Amino acid sequence: MNKIADIVLKPNSLWQKVKKTTEHALSCGALKSIPTEYELIKDNDIDFLVRIVTNLDRKDNAKKQQKKLGKDFNPFLPYEKDLFVADISETHVCLLNKFNVVDDHLLIITRDFEEQETLLTLNDFTALWACLLQVDGLGFYNSGKIAGSSQRHKHLQLVPFPLIPELPKTPIDQIIATANYQDNIGQIPCFNFVHGITKILSQDNNNSLELAQQSLESYHYLLKSLNIATKQEEKPEPYNLLITREWMMMVRRSQPKYESISVNSLGFAGALLVKNEQQMQTLKTLKPLTILEKVAS
């Protein structure tokens, strides 16, 4: 068993560090925010938050540069110092997402290289909870390219609440409450694809290790129940993982996009991104839940 990494992130320090790093990264040009406009599109009692990109040039240019550097280029090893937010533990650090769509979008990366498809560990969950206890938001993990990941180096992500002023937390919060539970796994009636939800008992618990252990147990239970990985040592099928202070959800994936609309974990929280007006019209015609059903399995 791997050693449990000590948390080095000081209590009540992360948000201040995020704001300070953001100010610095913007001033020196390291942070390349992608401007968007958004619209709420209702589908089956979910107000889907759909952002439309108004300028993708920055990210497209960066992708071209990465291709020149070769397929093995790793932006996290070494990571860009101007995007560094904090040391979380002996195994993980926190960075700003260089090409953020959502303000204060954080990356929780392993110090040493690990493949993005490898199963999450207790140290991964401990690092995530160390941040989540200080910044209330949505944590998520895209397990591989089919699940919407763009980098091979293992990284979890955290976006703070509210995602937009109109929504206190996620667009799916109301329908999470409609989930039917059997054997401690919830199913949302309007989600016609393989998924599972477990409840997280984080209230009055500020122990990141205890919460990480609880999350790890639920994580392996979901992997097995959804037939994503029946043994801990095997390579899992592609999946998305979403985690808040109240619940964890896992979705099995079959393809990265449908009708050119890419979907990562945020899509299953009710937040989608389209690149142009044509994709927006496609989304409105097909409906967001149809897109999710097509990319899940």
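A few notes on this one:
- Residues within region 172-225 that are in contact with a strand residue (DSSP E or B) (Cβ under 9 Å, 6 or more places away or on another chain), surrounded by fewer than 18 Cβ atoms within 10 Å (Cβ to Cβ), in a helix (DSSP H, G or I) and not acidic (Asp, Glu), tallied: 5
- Here LYS42 meets the list (1) in contact with a strand residue (DSSP E or B) (Cβ under 7 Å, 6 or more places away or on another chain); (2) surrounded by fewer than 16 Cβ atoms within 10 Å (Cβ to Cβ); (3) not β-branched (Val, Ile, Thr) almost entirely, failing just condition (1).
- Of all residues assigned to region 33-45, at least one qualifies as being farther than 19 Å from GLN151 by Cα, in a loop (DSSP other than H, G, I, E, B), modelled with pLDDT under 95 and of a type in the set (Asp, Glu).
- Scanning region 103-138 for residues that are out of contact with any Pro (no Cβ under 8 Å at 6 or more places or on another chain) and part of a loop (DSSP other than H, G, I, E, B) returns HIS105, ARG111, ASP112, PHE113, GLU114, GLN116, THR118, LEU120, THR121, LEU133.
- When the residues of region 125-171 are filtered to those that are free of Cβ contacts under 8 Å to residues at least 40 places away in the same chain and not small (Gly, Ala, Ser), the one that is surrounded by the most Cβ atoms within 10 Å (Cβ to Cβ) is PHE161.
- Residue match in region 16-27 (condition: at pLDDT below 95 and of a type in the set (S, T, N, Q)): no
- Residue match in region 54-68 (condition: at pLDDT 95 or above and over 27 Å from SER208 (Cα atoms)): no
- Inclusion of THR198 among residues that are of a type outside the set (Lys, Arg) and free of Cβ contacts under 8 Å to residues at least 24 places away in the same chain is not warranted.
- Scanning region 136-172 for residues that are closer than 22 Å to LYS10 by Cβ and touching a helix residue (DSSP H, G or I) at 6+ places or on another chain (Cβ under 6 Å) turns up GLY139, LEU156, LEU158.
- Of all residues making up region 1-32, the number that are in contact with a helix residue (DSSP H, G or I) (Cβ under 8 Å, 6 or more places away or on another chain) and not β-branched (Val, Ile, Thr): 10
- A count restricted to region 90-102 and to residues that are more than 30 Å from PRO165 (Cβ to Cβ) and in a loop (DSSP other than H, G, I, E, B) stands at 2.
- GLU217 being at pLDDT below 95 and not hydroxyl-bearing (Ser, Thr, Tyr): no
- Residue satisfying all of: in region 122-176; small (Gly, Ala, Ser) and closer than 21 Å to PHE99 by Cα; nearest to the chain's Cα centre (by Cα) among these: GLY139
The values are calculated or read from the model by the stated rules, or taken from the named source; none is laboratory data. All figures in this text were calculated on a predicted structure; none of them were measured in a lab. Because the Cβ atoms are built from the backbone with ideal geometry, glycine has one as well, and the counts that use them run over all protein chains shown.
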